[in-house]
Amino acid sequence: MKCRVCREPAVIDIRRHNANFCVPHFEKYCRDQVVKTIDEFEMARPDERLLVAVSGGKDSLAVWDILHDLGYAADGLYIGLGIGDYSDVSGQHARAFARQRGLHLIEIDLRESYDYDIPTASKVTKRVPCSACGLSKRHLFDSAALEHGYDVLVTGHNLDDEAAVLYGNVLRWQTDYLGRQRPTLPGRHGFPRKVKPLVRLSERETAAYCVLRGIDYLVDECPMAAGNKHLRYKEALNATEAASPGSKHAFYFNFLRNAAERFVDDNNDASTLGSCQRCGSPAESELCAFCRLVERTAGAEPVPVELVRKSSR
Ligand code: Q46
Ligand code: ZN
Ligand code: ZN
């Protein structure tokens, strides 16, 4: 197996591109894919300030590393979700990465700042943990980006993530969600621009990138993810990809090219929303969904992770 570029021994094969790469050319391939994505979807200009949502996993650390390498002014934001050991260790990985590179990491801890955590919120609201977690992260990422004056909020969603979300949305024809699946969502009243520069790279490639770059990321999946629909959709797509390399890429990018625009709701104008009376974020009622969640869950008896995992299966 030889590198497509230099013919030296290759360390990775990428079947959908029918290509093998050595270490330096694989790193270059990853950076080039990100540059191409940023240009094509007009994600960020060189003079803009970027805030990267950092979980301590491979994708968020890879995208932060690549953006930093490309010369962008990119800081990180880590949210302590209070998901037992998983959160403790993920925070350590995020902090270590930032320290080693002299990068700035903003931290928000749900328990310290809002007196709840994800397992407790899941129990109190009687909904799956990812529901309270997604709501909390979206709100805190948006508000931190605006509060600290960042132009762009970056997340580490990769090709596998986006293809799986698309698969789930198409399976149920959730047209409102399909309209929001483009890798760049323009900034609008109360929301920063949101971008996903890793959508051309697969999960396997971001993991390989981290290993080859010596990035120490948290390998374990969130314990709350076990059995969720997203993982099942990924498995289904992996089976298709194995039989027909390139399927995932075609599924997602042909959607972007041929169909995504049709689902964009021009009437979905955030400027018509009111403001949350507590935090000032866009809101449909007196309080935004996040402040309502805080009101319901803050101060409730903390629930251990194990209890939520058992009850949500
Ligand atoms: S962290 Fe949160 Fe994920 Fe864990 S509880 Fe679900 S949404 S699975 S990216
Ligand atoms: Zn090479
Ligand atoms: Zn609010």
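Structural remarks
- Note on the chain: with charges restricted to the Cβ of Lys and Arg (+1) and Asp and Glu (-1), its dipole about the Cα centre is near 860 debye.
- Each residue of segment 61-75 is assigned a 3J(HN,Hα), and the resulting list reads 6, 5, 5, 5, 4, 5, 5, 4, 4, 7, x, 6, 7, 10, 9 Hz, derived from the Karplus form 6.51 cos²θ - 1.76 cosθ + 1.60 (θ = phi - 60°), x at Gly and Pro.
- Our helix-only sum for the chain, with -39,500 (n - 2.57) per DSSP H run of n ≥ 4 divided by its residues, gives a mean residue ellipticity at 222 nm of -15000 deg cm²/dmol.
- Rounded if a/c under 1.5, otherwise prolate or oblate - segment 195-234, Cα gyration tensor axes: oblate
- The string of couplings for segment 176-191 from the Karplus curve (6.51, -1.76, 1.60, θ = phi - 60°) is 5, 6, 4, x, 10, 9, 6, x, 10, 10, x, x, 8, 2, x, 10 Hz, one whole number per residue in order, with x for Gly and Pro.
- Multiplying the residue separation of Asn258 and Lys28 by 0.36 nm and subtracting their alpha-carbon distance yields 79.9 nm.
- In a DSSP loop and with at most 14 other Cβ atoms within 10 Å, the GluC sites (Glu not before Pro) in segment 199-301 are Glu221, Glu284, Glu286.
- Mean separation of Cα pairs under 8 Å and 6 or more residues apart, divided by the residue count, gives the chain a relative contact order of 22 percent.
- The chain: most fluctuating residue of Ala225, Ala239, Ala144 per GNM, C-alpha cutoff 10 Å: Ala239
- For the chain, the residue among Thr297, Leu171, Leu212 whose Cα projects farthest onto the positive side of the dipole built from Cβ charges is Leu171.
- Gain upon complete extension [Val35, Thr240; 0.36 nm per residue less C-alpha separation]: 71.0 nm
- Accessible area in square angstrom per residue, the chain, 1.4 angstrom probe: 50
- Once you divide the Cα radius of gyration of the chain by 2.2 N^0.38 Å, the number left is 1.01.
- Backbone amide hydrogens, once placed in the peptide plane, bring Ala283 within less than 5 Å of Gly274, Ser275, Cys276, excluding anything fewer than 5 places away on its chain.
- Note on segment 69-103 and segment 1-19: Cα centroid distance 31 Å, given to the nearest whole angstrom.
- Options Ser55, Val35, His25, ranked by Cα towards positive dipole end of segment 1-59, top entry (Cβ charges): His25
- Under 5 Å, built H, 5+ apart or other chain: amide partners of Ile12: Phe21
- Fraction of beta bridges assigned by DSSP in the chain that are antiparallel (%, nearest 5): 35
- Against the chain, whose longest principal axis is taken from its Cα atoms, helix 159-171 shows a tilt of about 60°.
- Stretchable slack from Asp109 to Arg49, in nm (0.36 nm times residue separation minus alpha-carbon distance): 19.3 nm
- Sequence-ordered 3J(HN,Hα) estimates for segment 286-296 from the Karplus curve with 6.51, -1.76 and 1.60 and θ = phi - 60° stand at 3, 10, 6, 4, 5, 5, 5, 4, 4, 4, 6 Hz, glycine and proline given as x.
- Of Arg172, Arg127, Arg49, the residue with the greatest mean-square motion in the GNM of the chain, using alpha carbon springs below 10 Å, is Arg172.
- Fluctuation leader among Asp59, Asp160, Asp85 - the chain, Gaussian network, Cα springs under 10 angstrom: Asp85
- The chain - percent of accessible surface contributed by carbon and sulfur, probe 1.4 Å: 48
- Rounded if a/c under 1.5, otherwise prolate or oblate - segment 10-98, Cα gyration tensor axes: oblate
- Long pairs among Lys194/Lys234; Lys196/Lys248; Lys28/Lys229, criterion Cα-Cα beyond 27 Å: Lys28/Lys229
The values are calculated or read from the model by the stated rules, or taken from the named source; none is laboratory data. The shown structure was predicted, so the numbers you read here are calculated from the model rather than taken from an experiment. Cβ sites come from the backbone with ideal geometry, for glycine too, and all protein chains shown count toward neighbours. To get the accessible areas, we keep the full protein, side chains included, count just its heavy atoms, and leave off ligands, DNA and RNA. Shrake-Rupley method; radii C 1.70, N 1.55, O 1.52, S 1.80 Å.
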